Amino acid sequence: MQWTGLNELREKYLSFFESKGHLRLGSFPLVPKNDNSLLLINSGMAPMKKWFLGQEEPPCHRVTTCQKCIRTPDIERVGITARHGTFFEMLGNFSFQDYFKEEVIPWAWEFLTQVLEIPADLLYISVYEEDDEAWDIWTKKIGIPEDHMVRFGKEDNFWEHGSGPCGPCSEIYFDRGPEHGCGKPGCKVGCDCDRYMEVWNLVFSQFDSDGKGHYERLARPNIDTGMGLERLACVLQGVGNLFEVDTVRAILNHVEKISGKTYGKDDKTDISIRVITDHIRSTVFMVSDGILPSNEGRGYVLRRLLRRAARHGRMLGINRPFLTELVETVIRENKAGYPELEEHADYIKKVIATEEERFYKTIDQGMNILSGLIENVKKAAEAGKEAILSGIDAFKLNDTFGFPLDLTKEIAAEEGILVDEENFKAEMKKQKEKARKDRLSRDISGWAEDLFADLDAAATVFTGYDKLEDKATLLAISDGEELQEAVSTDEGAKDGVLVVLDKTPFYAESGGQVADTGSIVTADGARLEVKDVKKTPKGYFVHTCTLLEGTAKAGDSVIASVSKGRRSAIARNHTSAHLLQKALREVLGSHVHQAGSYEDDERMRFDFTHFSAVTPEELALVEQIVNEKIFEALDVTIQNLPLAEAKKMGAMALFGEKYGEVVRVVDVSGWSTEFCGGTHVKNTAQLGCFKILSESSVAAGIRRIEATTGFGVLRLLDERTAMLEQISGTLKVNNLKDLPLRAVSLVAENKSLAKELEAEKAAAAAGKIDGLFENAVDVNGIKILTAYFSGTAPEALRGMSEKVREKTSNVVSALVGSDNGKLTLAVSCGKGALDMGLKAGVLVKQIAVIAGGNGGGKPDFAMAGLKDKTKIDEALNAVAGIVANQLN
C-alpha cells in the first residue's frame, strides 16, 4: 500500500462508490435539521434518519457521503491522550431499501485491497455470532481464512437504539503489528490493546425492534456503513494517531510555530498543543455552519472549545489572542472537501477573534479569582473539610468572567478538587428554562407529524407561488385530538381544527416568513377560517382552522383562498429583507450574514452578524440605499436552478443550510441574489417605501434591525403625525414647523427655572444651617450638627453639607433627607475634624447601619441610603457618641 493524503483518500472513496451507482452528496451541516434529538451531527447516517425510516423519499436509493462530525462527551479527555478528538470525518455508503450484504461486503473488500492496496493478510473481520449469512459471504465468496474471522455477541456486533430499525454488523480491523500489541498470548481482534484497529463498520439494518426484545425481519432492509477518514489515513500513512495525519499535523505544526514549543518533548506541553489543534478544527467548521458562541446548546459547546483552546494557549506561554492565525491553516488543509470554508473565511475569523478577545479581557482576573478559591478549598481540606468548590462560586466565574462550568471543573480537577454542580445548576436554572422554552417554540409541528403519521398519501403540493386561490381535495381532518371522518359545528364554531389538503396555495411558516391566512370552503358550503399553516417533515401542510359553519369531511372538494392583502404585505417585507442584507454588506462589510429573520404583514425583523452597534450614520445610509433600489423599480425574478449554477451567479446561501441539487433563487436585477423559498414582490417599486424602526443587540456578535414597508410606513407616518399634533396641542403650537423651536424654548425656560429654584433652595439651606448651629452639640471641641429634612433631595443635602464646612472647620454634620420615598444620609467633616482623625466615610457606615442602611464616600463627605424610617431619630441621636468613640 502507498502513502496517501487524507484529501486524496476522501476523493478515492467517494469516486469508488459513485462507480457503484451511488449518488455523491456533500456533507450535511453540523446543525441537525428537524431533529431535536441531536445537538450536533455525530455520525454519517444521522442526517439521513428520515430516509432510513421511510419518512421521506431519498434523492437516490444509493448514497455516499463524507460527513463532518463532532462528538463532545469526552472533551476533557481531548489532549490528555492522542486518541480523543472532537472533530472527525466519517466516510459512508448507504442503501435505502436497495442492495444488501451480497453487494456491500465485496465492495468494502474491493476498496480496501484493490483500490487502496492494503495487504489482505493485515485485515481481520468480525461478524455477529448469529449472522451466518455474513460469515458465509466473507469466507466463501470473498475467501477470508477462518483464522482472520471472529464472531462477537450482541454487545459488540449488533446495532440498535431503542425501538425501530436495527441489525447485526460486521467490522473490518487492521493489524498494526505485534509492536503495538500487549504481548499477551491471547492477544487477538477484540483485545483492548492498540494492535488491532477497527477501520470500517458495516451495519445491516434487517430487523424492526419493538424495544422489548422482539424483532421482525424487514421486507426491505437498509445498509449503513461508517469508516473514520482519519483512522483510514492513519493506516495508509503509517502513523499512530489522528494528530500525525497530514492535514491535522499541518495545524499542529502551526501551533508549534506560534508557541515556540516542540511537540513530543514534554507531556504537559503536548497536551496543550493537541487541545488547540483539535479544538480549532472543530470551531472553524462549527462557525462556518452558522453556530455562534453562547451559553446554551451547541453555542455553549463552541464557546467551551474556544475558551479551552485559549486557556491552553496561555499555558504554552502565548499571551495574546492567536486562534485566528490558525484558521487559515485549517481552511487550507480542508478546502478540497469543504470549499465553503474558504467562502466564509473572513466571517469565521471575525467570530473566533471576537470570542477570544472577549475571553482574554476576563481570563486573567478570572484565573486569579479561581486560583484563590482553589487555595481556600485546599486549606479547608487540610482542616478536614470536603475538597469541593461551591456551586455559587462556579456560577459567578461563569456569569462574570465567562468561565464555562466544564473549564472550571477541568482546572479544579488538576488540583484534585471537585465542583458543586448541583448548586451551579440551581443558579443557572432560570436561564436554562428560558432557553428550553425557546427551543420548544422552534419545534416544527411535532404534534402534526404524530397525528398524520399514518396518512397514506403523497405530500401536499404547494401552488401558492403562482396563485392565491386553488381547487383541492381535503385529505384528512382532525378536531385537534385525533383524526376524524368529519368535523361539524353542531355546537357552534369550533377552533383548533386541523386540515390537510392534497394541494394548497397557503404558504406554511418557514424560513422566518409567517404562514398565510384565509379561508377554505367545501363544495357543501362548510366554511373554515385558516389561522396558521405548518409543514410536517413528511411534507403535509397542516392548516390550523376555525370551522365557522357546516360539516367538513375527508374527501371533500374545496376552494382554498389566501388573504391577498396580507400575502402582499408579507411579500413586501420579505423582499425588503433581501434588499436590507445587501445594503448592510455594502455599508458594514462582507462579514455580514443573516443570522435569523422574521417577516409578517406589519414588519420585518432581520438578525445579522456584526460585532458593534450600527451607528446612526450607517443606519441612515443603509435605509437610503434600500429606498433608492425601491425607487429604481428593479424587477424581481425567481428561478429554480442547479445548485452549482446558482453559486456561480453569486447567490447568497444561509449558513448551516443544506440545499438540494436544485435551488430556488430570488434575484433583484442582479443587485441582490439569494437562495430563498419565500414569497416576494415582482418589482421593488411594489414595496412603496422602507423605514427602519430600530437597531439593537440580541446576542454577542448578533445585531437586529426591525423595519417596515408599504402601508406599514404610512401607518407609522400617521401615528407619528398624530403624536406631534397631540404634543403641539399641549404646548399650544399652531404650526407643526414651530414645534422644535417651542421645545428648545421650553427646555431653556426649565433650565432657568431650575437655576432659580436651586438658588432659592440654597438660600433656604443657609437659613436652616444657621438654625442647626444654634442647636449644635460640642464633643471635644467638635460641633455636632444633626437634622432631618422632608422633601429634600440628595443634591440639596450635599449643598447644605458644603455650607456647613464653609462656616466652620471643627464640625461634623449628619443630615437626613427624604425625597420621593427615598431616605438619604449625608455626613460631612470639616478640616479641623479631619485633622483630629475623623472620616466621613467611616462615620456614615456606623450611623447608617442603625437605620438599616449602608454607604460610603470620601473623608470629608459621604452618603448612605437608609431603609427604616422609624430608626432615623435613633441614628441621629447616636452621632455624638459615635464621634466621641472615634476621637478616643
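Please pick out the residue among THR139, THR113 that is among the hydroxyl-bearing types (Ser, Thr, Tyr), closer than 28 Å to GLU11 by Cβ and open to solvent by 20 Å² or more (accessible area, probe 1.4 Å).
Result: THR113 is the single residue among THR139, THR113 that is among the hydroxyl-bearing types (Ser, Thr, Tyr), closer than 28 Å to GLU11 by Cβ and open to solvent by 20 Å² or more (accessible area, probe 1.4 Å).
What are the pairs with Cβ atoms under 6 angstrom where one residue, in region 691-710, is under 20 Å from PHE359 (Cβ atoms) and the other, located anywhere, is open to solvent by 40 Å² or more (accessible area, probe 1.4 Å) and in a strand (DSSP E or B)? Sequence gap at least six, or different chains.
Once the first residue is under 20 Å from PHE359 (Cβ atoms) and sits in region 691-710, its partners that are open to solvent by 40 Å² or more (accessible area, probe 1.4 Å) and in a strand (DSSP E or B) give ILE702/ALA595.
Could you please find all residues in region 515-536 being open to solvent by less than 20 Å² (accessible area, probe 1.4 Å) and among the β-branched types (Val, Ile, Thr)?
Scanning region 515-536 gives ILE520, THR522, VAL530, VAL533, THR536.
Just name the residue that is least open to solvent (accessible area, probe 1.4 Å) out of those in region 73-101 that are among the basic types (Lys, Arg) and either outside any loop (DSSP other than H, G, I, E, B) or under 18 Å from PRO58 (Cα atoms) (or both).
LYS101
Specify the residue that is modelled with the lowest pLDDT; the eligible residues are those in region 438-454 that are part of a loop (DSSP other than H, G, I, E, B) and surrounded by 14 or more Cβ atoms within 10 Å (Cβ to Cβ).
Filtering first and then ranking leaves ILE444.
Just the residues that are out of contact with any Cys (no Cβ under 9 Å at 6 or more places or on another chain) and of a type in the set (D, E, K, R), please, taken from region 227-267.
GLU230, ARG231, ASP246, ARG249, GLU256, LYS257, LYS261, LYS265, ASP266, ASP267
Please tell me if ALA613 is in contact (Cβ under 8 Å) with a residue 40 or more places away in the chain, out of contact with any helix residue (DSSP H, G or I) (no Cβ under 6 Å at 6 or more places or on another chain), over 30 Å from LYS503 (Cα atoms) and surrounded by fewer than 24 Cβ atoms within 10 Å (Cβ to Cβ).
yes
Go through region 616-640 and count every residue that is exposed (fewer than 15 other Cβ atoms within 10 Å of the Cβ), over 31 Å from the mean Cα position of the chain (by Cα) and in a helix (DSSP H, G or I).
Within region 616-640, residues that are exposed (fewer than 15 other Cβ atoms within 10 Å of the Cβ), over 31 Å from the mean Cα position of the chain (by Cα) and in a helix (DSSP H, G or I) number 3.
For the structure I just gave you, tell me whether GLU599 is modelled with pLDDT of 95 or more and under 21 Å from the mean Cα position of the chain (by Cα).
Numbers: modelled with pLDDT of 95 or more: yes; under 21 Å from the mean Cα position of the chain (by Cα): yes.
Spelling it out, GLU599 is indeed modelled with pLDDT of 95 or more and under 21 Å from the mean Cα position of the chain (by Cα).
Do any residues in region 498-512 that are at pLDDT 95 or above have Cβ atoms under 9 Å from those of residues that are in a loop (DSSP other than H, G, I, E, B) and open to solvent by 60 Å² or more (accessible area, probe 1.4 Å), where the two are at least six apart or on different chains, and which pairs are they?
Every condition considered, the pairs that remain are ASP502/ALA458; PRO505/TYR465; PRO505/ASP466; PRO505/LYS467; TYR507/TYR465.
Sort out which residues of region 34-72 are open to solvent by 30 Å² or more (accessible area, probe 1.4 Å) and basic (Lys, Arg), and write them in order of number.
LYS49, LYS50, ARG62, ARG71
Yes/no per residue for (1) charged (D, E, K, R); (2) within 24 Å of the chain's Cα centre (by Cα):
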{"position": "ILE374", "(1), (2)": "no, no"}
{"position": "GLU386", "(1), (2)": "yes, no"}
{"position": "LYS396", "(1), (2)": "yes, yes"}
{"position": "PRO404", "(1), (2)": "no, yes"}
{"position": "ALA412", "(1), (2)": "no, no"}
{"position": "ILE417", "(1), (2)": "no, no"}
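So if I check each of ALA552, ALA515, ALA472, ALA476, which one is at pLDDT 90 or above and outside any strand (DSSP E or B)?
ALA515
The values are calculated or read from the model by the stated rules, or taken from the named source; none is laboratory data. Predicted, not measured: the structure shown is a model, and the values here were computed from it. Because the Cβ atoms are built from the backbone with ideal geometry, glycine has one as well, and the counts that use them run over all protein chains shown. In case anyone asks, the SASA skips ligands and DNA or RNA and just uses the protein heavy atoms, side chains included. Shrake-Rupley method; radii C 1.70, N 1.55, O 1.52, S 1.80 Å.
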